[in-house]
1. Looking only at residues that are in contact with a strand residue (DSSP E or B) (Cβ under 6 Å, 6 or more places away or on another chain), in a strand (DSSP E or B) and not aromatic (Phe, Trp, Tyr) in segment 313-360, which one is farthest from ASP240 (Cα to Cα)?
2. Could you give every pair whose Cβ atoms fall below 6 Å, whose first residue belongs to segment 183-206 and is in the same structural domain as ILE305 (by the TED database), and whose second residue is in a strand (DSSP E or B) and charged (D, E, K, R), counting only separations of at least 6 or pairs across chains?
3. When you look at ALA148, is it under 24 Å from VAL64 (Cβ atoms) and among the aliphatic types (A, V, I, L, M), yes or no?
4. State all residues of segment 46-70 that are part of a strand (DSSP E or B) and surrounded by 16 or more Cβ atoms within 10 Å (Cβ to Cβ); if no residue qualifies, say none.
5. Among the numbered conditions (1) under 30 Å from ASN197 (Cβ atoms); (2) without any contact (Cβ under 8 Å) to a residue 24 or more places away in the chain; (3) open to solvent by 20 Å² or more (accessible area, probe 1.4 Å), tell me where ASN355 comes up short.
6. State whether one or more residues within segment 181-190 are over 30 Å from ILE83 (Cα atoms) and open to solvent by 10 Å² or more (accessible area, probe 1.4 Å).
7. Quick check on segment 280-315: of everything there that is of a type in the set (Ser, Thr, Tyr) and buried (at least 19 other Cβ atoms within 10 Å of the Cβ), which residue is farthest from LEU371 (Cα to Cα)?
8. Name the helices (runs of 4 or more DSSP H) wholly within segment 227-312 that hold at least 2 residues that are farther than 29 Å from LEU346 by Cα, small (Gly, Ala, Ser) and in the same structural domain as SER210 (by the TED database)?
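The values are calculated or read from the model by the stated rules, or taken from the named source; none is laboratory data. Please read all numbers here as calculations on a predicted model, not as lab measurements. We place every Cβ from the backbone using ideal geometry, glycine too, and count neighbours over all the protein chains shown. All accessible areas refer to the heavy atoms of the entire protein, side chains included, with ligands and DNA or RNA removed. Shrake-Rupley method; radii C 1.70, N 1.55, O 1.52, S 1.80 Å.
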Amino acid sequence: MSQIFAINAGSSSLKFQLLAMPEERIIAKGIFERIGEEDTLFSLTVEGQTVKESLPGITHKQAVSYLLDTLHQKEVLGSLENITGVGHRVAHGGVHFKQSALVTPEVLRIIEELSLLAPSHNPINLQVIKAFQEFLPSVPNVAVFDTAFHQTLAPEHYLYPLPKRYYEQYGIRKYGFHGTSHKYIAYKAEEVLAQENLRIISCHLGNGASICAIRNKESVNTSMGFTPLAGVMMGSRSGDIDPAIIPFLMEQEEMSSKAIIDMLNKESGLLAVSELSNDLREIQFAYARGSSKAALAINMFVNRIAYTIAQYHLDLGGVDAIVFTAGIGENSAIIRQKITEKLVALGVHLNKEANETSQICIHALNSSIKLLVLPTNEELMIALETLELIS
């Protein structure tokens, strides 16, 4: 049995699972939140029991140290020597990585170089990898790149219609994100449907959202682009807009480029339209009470997702299954219903009772495209990739 850490480090968080592999059993899981602030929140779940703590503000490195000490003290690990690998979700692998990679000095160098493309995430990913290398020096680390799954995109899908020198000098192209989630869904959908070589549209709908067209477990097209800001409207991200809006606002409002990017990432999307929240649960509650702003936010969100699904139907030359996953995709029956209602022209028909109870298969018998609700499991995908490489 191998004990493998699956690590997902964000700018102010560190999410983790410790899994027994290949059994795929979760030994422990949890999260550090508000890292770098005055109070860091720590949550740990072991055998169904959850313990929460408030810690004095700590760094990502200190979070790793505290995690290992806590698991050792609680005898969750037995011994640190039982850990056989650590898999890390790394935001950006550029064009260098078409799959996950064992961490070497050269891999670390490339991740650092790519910080130019992912300044909020790659530097944090590096810090956490180096912390595990320091505290567990004999344990191999694996980088699981969020962009790797989309390296199968053809040039007509990943290039922008800009002068070629910008691609050659700066690597400006579509990279796509949520790759670990979309890859898991590609494999899981074929397992659930007991079919191979499927054409799937994976809808990862959470506070961040992306759509991916998949053929035979390979990414054909995806909605996020050069950055995760592109694509469909999201919780607080605008998604695609007319690019001329940016210099117009910079001139009219005397906004810096950083202020514009912050506004598009943190003040837009569902939050801006609803004027309420970036949390769809709150917006749905307001919608049920008759809020016109909540209704507008939901309708705009649904429209952009449906348009993207229709586009990818063309890219794939037909679709066998549409899969809803992540927080909204897995839990919001009303969003799934509204999206599928817009796809009737494609032969999509929803089983409303199955949808309301979030069953795995929610398509009606007369639907030409199967509709699935599948929980994503990025941590398991990280562990599987790690196990494969260290083996």
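1. ALA321
2. ARG199/ARG215
3. yes
4. Selection gives VAL46 alone.
5. (3)
6. First pass over segment 181-190, keeping only residues over 30 Å from ILE83 (Cα atoms): 189-190.
Then drop every residue that is not open to solvent by 10 Å² or more (accessible area, probe 1.4 Å), which leaves 190.
Looking through segment 181-190, at least one residue is over 30 Å from ILE83 (Cα atoms) and open to solvent by 10 Å² or more (accessible area, probe 1.4 Å).
7. TYR287
8. Passing ranges, in order: 257-266, 269-274.
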